[in-house]
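Let me begin by presenting the structure, written as structure tokens, before commenting on it.
The values are calculated or read from the model by the stated rules, or taken from the named source; none is laboratory data. Worth saying up front: this structure is predicted, and the values here are computed from it rather than measured. For neighbour counting, all protein chains shown are included, and Cβ atoms are generated from backbone atoms with ideal geometry for every residue, glycine included.
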Amino acid sequence: PTAVSSIQTLTDLYADRTLQPASQPHDQATPIYNSKISLIRADITTLATDAIVNAANESLLGGGGVDGAIHAAAGPDLVKECETLEGCETGSAKITGAYELPCKKVIHAVGPIYGRARREGGDHEPARLLGGCYTKSLDLAVENGCKSIAFSALSTGVYGYPSRVAARDALGAVKGWLDEDESRATKVDRIVFCSFLAKDEMAYEEWIPYYFPPA
Ligand code: AR6
């Protein structure tokens, strides 16, 4: 995908570590909706945020999509660590090292399979499970001293969560987490929603003014 030029710049800055996202201001390179939230369209494996969030499955043993890209870029030691975790339930997440990736930690979140979650749990079930992925990932970031975190668009690929609904539910969950505990919220400097496809980027651009109005 073709990235927006300013966003491409941010990717470059992250990738060669000339900019440390946890501590340095980098607002000039990205659309900023408040002091904490950024959108980016990039390959998440190039980002040197403290943590990146993988769209994993319950086995945590790798797969296709962003999961495959993360495991390929991290190298074989990542799956070895994942093998010790005994999987993860849908709607939650677990954290590992990042090995050959430029970030410091990988958070493996297991988003819902949209159609199945709705069928089995009703209309609100996908949002509950997807929201759990985002809030658990933020909890893990804080517990592990990660000040910057980039989320892939969990469940919007093979798991079939419609992009517009997923962006709304993701933003709602993150906003809720930030608002719930102000002192906890200050422990995270930067939350990046990393899209790969234009449809997901457009979905975030559509919803973000409602959740994080421009300063
Ligand atoms: N960087 C950022 N985002 C990406 C990248 C990348 N390199 N590659 C794809 N995406 P998906 P899911 C986006 O299918 O729907 C795996 O096999 C992609 O455009 O990767 O949660 C797992 O092992 C989409 O927006 O994950 C599971 O079995 C988003 O990542 C299953 O797929 C998620 O798409 C999880 O399905």
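In this structure, VAL165 does not qualify as within 16 Å of the ligand (Cβ to nearest atom), β-branched (Val, Ile, Thr), assigned to a loop (DSSP other than H, G, I, E, B) and surrounded by fewer than 19 Cβ atoms within 10 Å (Cβ to Cβ).
The condition of being free of Cβ contacts under 8 Å to residues at least 60 places away in the same chain and either of a type in the set (A, V, I, L, M) or buried (at least 16 other Cβ atoms within 10 Å of the Cβ) (or both) does not hold for SER155.
For region 46-60, filtered to residues that are in a loop (DSSP other than H, G, I, E, B) and within 12 Å of ALA98 (Cβ to Cβ), the residue that is modelled with the highest pLDDT is ASP50. Kindly check whether there is at least one residue in region 205-212 that is in contact with a strand residue (DSSP E or B) (Cβ under 6 Å, 6 or more places away or on another chain) and assigned to a loop (DSSP other than H, G, I, E, B). Yes, the conditions are met somewhere in region 205-212. A count restricted to region 103-141 and to residues that are within 22 Å of GLU180 (Cβ to Cβ) and without any contact (Cβ under 8 Å) to a residue 40 or more places away in the chain stands at 5.
Annotation: GLU201 fulfils all but one of (1) more than 15 Å from the ligand (Cβ to nearest atom); (2) touching a Pro at 6+ places or on another chain (Cβ under 9 Å); (3) charged (D, E, K, R); the unmet one is (1).
Taking region 34-79 as the range and being without any contact (Cβ under 8 Å) to a residue 12 or more places away in the chain and either closer than 21 Å to VAL174 by Cβ or away from the ligand (no atom under 11 Å from the Cβ) (or both) as the test, only PRO76 passes.
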